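Accompanying notes for the structure given below.
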């Protein structure tokens, strides 16, 4: 669709940013319990437990249970979301593009320290270093600017998808043994284009689509889209013909505009899988059908086979996305 008079991305409300600590005061871990962080968060930074010292360009968060993937390590989208929120809290403008490369896993309970790489030279084109226990765990970079005035816009419509109210919920088979209190507990998922049910190990088309809604109703700015975009490996089920999950090796997010409403449609295509490494791309739409962001990632593929005793009724259920 095109609209030469569409306004640019509106300014980000200050309430969406982490509480800025006084200069010189080190970041502190939130005192709230994990349950409070999940259910009562009023901003992405609060959900992540992110605290920032903008004067020192330093930040910190803890990989608590609700930020983990199904393999017990930090959900890749949470790492990218934290980097985006951190840069914005340090004075960066709105995120136009962001990317992260994961170098080592962040385990449950580990504290992640964020800092702006001194070679960045500013916050418009920035590199963020993330360390845990003294080791470098990921690098993130992006472009932060402010879009103002009239802009030209082109993008495909997402109005082909059924409304989320009419879509079936995504369910996980009971035989899958993984923690249920991670990121998947934060996000409501409904199938707009379900994965195949004939999971016989034969490759398929590699396209699936999910409606996603964060259970704590937070503003859908770039950091939240980064978290939701990491559900893109859901397409691996359709692509492989197996229960399959993906561990992010890198994630990218490109912002088009701020979504309208609470729901985001993630339309995913698996482009290739070579040596158990998948190239995945996705388009994110809001409920009006407007394109709001694109995502891409490289993911390590994990295939999961049901036990021989699993009932046939239990087999078609889609597998978790590791993140």
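Points worth noting:
- The range 153-174 residues that are assigned to a strand (DSSP E or B), paired with ones that are at pLDDT 80 or above (beta carbon under 8 Å, 6 or more apart): 169/188; 169/189; 169/190; 169/191
- Residue in the range 105-149 that is surrounded by the most Cβ atoms within 10 Å (Cβ to Cβ), counting only those that are touching a helix residue (DSSP H, G or I) at 6+ places or on another chain (Cβ under 9 Å) and more than 17 Å from residue 61 (Cβ to Cβ): 142
- When residue 143 is tested against (1) farther than 18 Å from residue 294 by Cα; (2) without any contact (Cβ under 8 Å) to a residue 60 or more places away in the chain, just one condition goes unmet, and that condition is (1).
- Subset tally (residues that are outside any helix (DSSP H, G or I) and farther than 24 Å from residue 66 by Cβ) for the range 117-128: 8
- Criterion (free of Cβ contacts under 8 Å to residues at least 12 places away in the same chain, out of contact with any strand residue (DSSP E or B) (no Cβ under 6 Å at 6 or more places or on another chain) and surrounded by fewer than 23 Cβ atoms within 10 Å (Cβ to Cβ)) met by exactly one of 181, 177, 198: 177
- Of 173, 164, all but one fail to be modelled with pLDDT of 90 or more, farther than 19 Å from residue 281 by Cβ and more than 18 Å from the chain's Cα centre (by Cα); the exception is 164.
The values are calculated or read from the model by the stated rules, or taken from the named source; none is laboratory data. Predicted model only: the values in this text are computed from it and were never measured. Ideal geometry is used to build each Cβ from the backbone, glycine not excepted, and the neighbour counts take in all protein chains shown.
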